[in-house]
Amino acid sequence: MKKLLIIILAFYLNAANLHFTLYKKNGEQGNTLLVIGGIHGNEPGGYYAPSFLIRYYDINKGSLWIVPNLNFDSIVKFRRGVYGDMNRKFAFIDKKDKDYNIVEDIKKIILNPKIDMVLNLHDGHGFYRNSWQNSIFNPAAWGQTCIIDQEKIKTNKFGNLGDIARKVSSCLNTDLKKNYHFFNVKNTKTKFKDEQMRLSLTYFAITHGKPAFAIETSKNIKDLPTKIYYQLRAIEEFMKIVGIKYTRNFDLTIPEIKKLLKKEDYVIINGNTILPVKNIDKVINFFPLTSKQITFKSSNPLVAVVKEKNYYVLYEGYNRHAVLYPQYFKNFCKIKKIKIEIDGQKKEITVPSIVKVDKYFKVLSDKRINVIGYSSKQNEAYKKITKDKLIKKYAVDKNHKMFRVEIYDKDSFCGMFLVDFGGKK
Ligand SMILES: [Zn+2]
């Protein structure tokens, strides 16, 4: 028994903390494009662009499979690879490597017979040029390129890698934000010339009969919306080539991308609590948790809640938004709905959720209610609570307008909702 325990623990310690997610968007029958983002955690163009595909695109014909967060542990730390370079682990990977499960799982997806083409997204150094100009513009740079490992592969479909990459690059070059952003095709001639690239994801794909490309925007373009813009335009061209028909729910312009990046997100933790992500206060104390292992869900695929030391950190991409100090409860109860009165109207609300309140709210329940920031030593059910009775510093948001309402049954934690005094919409 002891031995088994040690083995399980060793296995657990050897796995990455956060695993990637695969999102599938299907239209009418057609070809399938697999888009992989975030293999390198310090290349945000490569993972924010796929998060836009997930959130703001609909697929009408063909299928788009999206992994926005392949190397999620490295994304939250904004590092190329916290366990070494993941893009050098596709020819061989040791079972003890922390990236092992992730690399093996993405290989299976790449080899899925449904996949007709693979894109791997990056932000590379500098700006690739055919001849040497300086340390930023030169043949060794990677930025602003469609990368191919060789000119052609033998497959039924899309084997003419060079032609496809040149077509995409020339489309991108019809609308550049700066002239020096122009795209080139970089053929790494991997089989004969590039020993390192033989270990990469795209080389794994092409040697298994799957057409694959890397799209590289530039690390030297510092503006994230600009990188996302180029990545999305490239992906849209690839979608056209494989016959995927899509609708995009926003204008593909840099101001529009900027606006969407600022949009508020929410995260649901353990299915019973909810928090804002971007506008959250930096520190949340006594956050109710029922176990050290947590689950979380957000409409933003780059949101993660990570245990670090004796607290949890709420991330959105590489942005560290808040630290949650937990209060653990041994017992928990489940509640899906609860009755409340808001500004004179009685209604039943979902737990967890966020409810807009103008003047006051009152929880109509026989459960024990604790409104965080409302100072009373008793059960706070059936109390009429206005904003002026709530202490600002207990708010969960930076504007001090959102407060936690926690629901208990004796000593068991049942769930939480937020009241938002931030103005009715
Ligand atoms: Zn990269």
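Taken over the stretch 96-123, the criterion of being away from the ligand (no atom under 16 Å from the Cβ) and either free of Cβ contacts under 8 Å to residues at least 12 places away in the same chain or of a type in the set (S, T, N, Q) (or both) is satisfied by 101, 104, 108, 112, 113.
Where strands (runs of 3 or more DSSP E) sit wholly within the stretch 357-421, those with at least 3 residues that are over 32 Å from the mean Cα position of the chain (by Cα) and more than 16 Å from residue 280 (Cα to Cα) occupy 360-363, 368-371.
Evaluated against (1) within 14 Å of the ligand (Cβ to nearest atom); (2) open to solvent by less than 40 Å² (accessible area, probe 1.4 Å); (3) over 24 Å from residue 108 (Cβ atoms), residue 220 falls short on exactly one condition, (2). Can you go through 63, 51, 74 and tell me which one is surrounded by 19 or more Cβ atoms within 10 Å (Cβ to Cβ), away from the ligand (no atom under 15 Å from the Cβ) and within 19 Å of the chain's Cα centre (by Cα)? Of 63, 51, 74, the one residue that is surrounded by 19 or more Cβ atoms within 10 Å (Cβ to Cβ), away from the ligand (no atom under 15 Å from the Cβ) and within 19 Å of the chain's Cα centre (by Cα) is 51. Set side by side, the residues 120, 87, 134 differ, and just one is out of contact with any Phe, Trp or Tyr (no Cβ under 8 Å at 6 or more places or on another chain) and buried (at least 17 other Cβ atoms within 10 Å of the Cβ), which is 87.
Only residues that are open to solvent by less than 30 Å² (accessible area, probe 1.4 Å), in contact with a helix residue (DSSP H, G or I) (Cβ under 7 Å, 6 or more places away or on another chain) and not hydroxyl-bearing (Ser, Thr, Tyr) were counted in the stretch 224-251, giving 10. Put simply, of 126, 81 the only residue that is surrounded by 13 or more Cβ atoms within 10 Å (Cβ to Cβ), over 19 Å from residue 47 (Cβ atoms) and within 15 Å of the ligand (Cβ to nearest atom) is 126. On the given criteria, is residue 386 surrounded by fewer than 18 Cβ atoms within 10 Å (Cβ to Cβ), closer than 24 Å to residue 269 by Cα and β-branched (Val, Ile, Thr)? In short, no.
Just one of the listed residues (92, 182, 158, 192) is more than 18 Å from residue 67 (Cβ to Cβ), aromatic (Phe, Trp, Tyr) and open to solvent by less than 50 Å² (accessible area, probe 1.4 Å), namely 158. Condition test on residue 347, is it closer than 25 Å to residue 369 by Cα and not assigned by TED's automatic domain parsing to the domain that holds residue 41? Yes: the conditions hold for residue 347.
The values are calculated or read from the model by the stated rules, or taken from the named source; none is laboratory data. No experiment lies behind these values; they were computed from the predicted model shown. Glycine gets a Cβ as well: all are built from the backbone with ideal geometry, and neighbour counts include every protein chain shown. With ligands, DNA and RNA removed, areas are computed over all heavy atoms of the protein, side chains included. Shrake-Rupley method; radii C 1.70, N 1.55, O 1.52, S 1.80 Å.
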